[in-house]
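This report concerns only the one structure given below.
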Amino acid sequence: MATIAMSKTDGSAVSIDLSAIEALSGTLGGSILTASSDGYDEARVFWNAMIDKRPGMIVQCTSTDDVSKVVAFARAHALLVSIRGGGHNIAGKSLSDGGMLIDLSGMTGVSVDAGAKTAVVGPGATLADLDAATQAHGLITPTGINSTTGVAGLTLGGGFGWTSRTLGLTIDNLISAEMVTAEGELVTASASDNADLFWGLRGGGGNFGVVTSFKFQLHEVGPEVLSGLIVHPFSEAKAVLAQYNEYIANVPDEVTVWLVARLAPPLPFLPEQVHGTPVLVIAAMYTGDMAAGEEALKPLRAIGNPIADVIGPHPFAGWQQAFDPLLTPGLRNYWKTHYFMELSEGWMDALVAAIGTLPSPHTEIFIGQLGGAVSRVAADATAFGDRSFKFVMNVHGRWETAGEDDAAIGWCRGVYESMAQYSTGGAYMNFLTEEESARVENVYGENYERLVELKRKFDPTNFFRVNQNIDPS
């Protein structure tokens, strides 16, 4: 009888009869792909080209019922399981060699109740899917900054974006979620149902089960917002950063100003002679009245002698996609992350040194300003943990070929180490790479033991382990 070799949760191999797989397939609305199936290689392609894994079986689910049946099958055979939503996780935690991939990327539905200002979102939906549905009603929920990111992974790790200083993290706007447990059972998590699970899903990642739908609170924003970029020559970075620090010290929550240090891409509003030279990009958005935003951003726009200033009214959904061209799939990516309370002079010196040795024109250092509504939620209110930090950094290594790996990864690690002395010690879970599993306990801090207890309750055998794992043992 024909079989497929697959990986088990204990690391051993098992042969699964094709007849059993065919029988499972016959009960599903979706389809099952194996290495010999048409479309298998396309289905396992990952945003980060450094991730190249070959699951033994890819199950493309179309419903919660599909997920329940697939989890039960995997459990019966003790198969290693991974879960894919948008497929955007930097660490590649949605894939495993030889395991079963529960692929939710086809479950992209978004249902908006404009009167109640809520949206129910499928686990395969991207930020673009969500924005398109909600902005049709002039509504949003705070999400991330790249429209191809999956809503599910972003949410389970916390989720921050342009409106977080005003409206909180993505998890702060989660009303409820439906989840399939390791036993294949469907449960609802909310403030009134399985409140402990609801706490854990808000930042605890995919450790407790397969979330098959999310219900979010929506808010009136857009359809146009005041947003855009101010580009400075990097030779003036320290002077600009010093004034940036002064400016943001007293801005209202409606103002969000992020920084990107990199080589200038060939943007149409930049002079050709600037392309490929080091720049400091200020990216700003005001969540609220356009005229109030113009006034609030005026001091920011007066800083230094910018090469370009393209702040103005933009469609919110378009602004959410502004950085998509710099984050297209197919390149190799490696990240390192820190939280900071301040951008000190020593930190600025480290940034200047780092940009002087960039390993690739695709590589950048991103610094997001948070605080505001994010910091007004207690650390123990959600699994996410400490929110007292003011800035999150992503050392975003990005390059084209495997031959560049050693130099590019080494550069990222060097920048990370040079800035560690200025960090709070915390980090954003969604930015952690495969090698950083040892940081998981530290990232959750005082919430970690509570997460372990929750893991023991909902997944005592660590069936869902292909993630930034919380080990129940």
* May I ask you to list the residues in region 295-352 that are outside any helix (DSSP H, G or I), surrounded by 15 or more Cβ atoms within 10 Å (Cβ to Cβ) and in contact with a Gly (Cβ under 6 Å, 6 or more places away or on another chain)? => 310, 311, 334, 339
* Criterion (touching a Gly at 6+ places or on another chain (Cβ under 9 Å) and closer than 11 Å to residue 99 by Cα) met by exactly one of 49, 74, 35, 78 -> 74
* **Conditions (1) of a type in the set (S, T, N, Q); (2) assigned to a strand (DSSP E or B); (3) under 28 Å from residue 303 (Cα atoms): number failed by residue 213** => (3)
* Structure fact -> Of the residues in region 233-257, those that are small (Gly, Ala, Ser) and either in a helix (DSSP H, G or I) or on the phi > 0 side of the Ramachandran plot (or both) come to 235, 237, 239, 242
* Asked: Which residues, taken from region 216-232, are under 18 Å from residue 311 (Cα atoms) and part of a loop (DSSP other than H, G, I, E, B)?
  -> 221, 222, 223
* Keeping to region 353-388, report how many residues are in a loop (DSSP other than H, G, I, E, B) and of a type in the set (Lys, Arg). => 1
* So which pairs qualify, if the first residue must be in region 107-122 and closer than 10 Å to residue 217 by Cα, the second must be surrounded by fewer than 13 Cβ atoms within 10 Å (Cβ to Cβ), the Cβ gap must be under 7 Å, and the two must be at least 6 apart or on different chains? -> 119/111; 120/111
* Selection count where residues are among the polar types (S, T, N, Q) and buried (at least 19 other Cβ atoms within 10 Å of the Cβ), scope region 439-473 -> 3
* Asked: From the residues in region 415-438 that are in a loop (DSSP other than H, G, I, E, B) and among the small types (Gly, Ala, Ser), which one is surrounded by the most Cβ atoms within 10 Å (Cβ to Cβ)?
  -> 427
* Residue satisfying all of: in region 368-414; in contact with a strand residue (DSSP E or B) (Cβ under 9 Å, 6 or more places away or on another chain) and among the aliphatic types (A, V, I, L, M); surrounded by the fewest Cβ atoms within 10 Å (Cβ to Cβ) among these -> 402
* **Elements of type strands (runs of 3 or more DSSP E) in region 85-135, at least 3 residues being buried (at least 23 other Cβ atoms within 10 Å of the Cβ)** => 100-103
* Asked: Pick from 161, 200, 206, 168: which is within 23 Å of the chain's Cα centre (by Cα), closer than 17 Å to residue 85 by Cα and outside the structural domain of residue 378 (by TED's automatic domain parsing)?
  -> 206
* To do: Please specify each residue of region 272-293 satisfying the condition of being in contact with a helix residue (DSSP H, G or I) (Cβ under 9 Å, 6 or more places away or on another chain) and either exposed (fewer than 13 other Cβ atoms within 10 Å of the Cβ) or not polar (S, T, N, Q) (or both).
  => 278, 279, 280, 282, 284, 285, 286, 288
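The values are calculated or read from the model by the stated rules, or taken from the named source; none is laboratory data. If you're wondering where the values come from, they're calculated on a predicted model, not measured in any experiment. With ideal geometry, Cβ positions are generated from the backbone for all residues, glycine too; neighbour counts draw on all protein chains shown.
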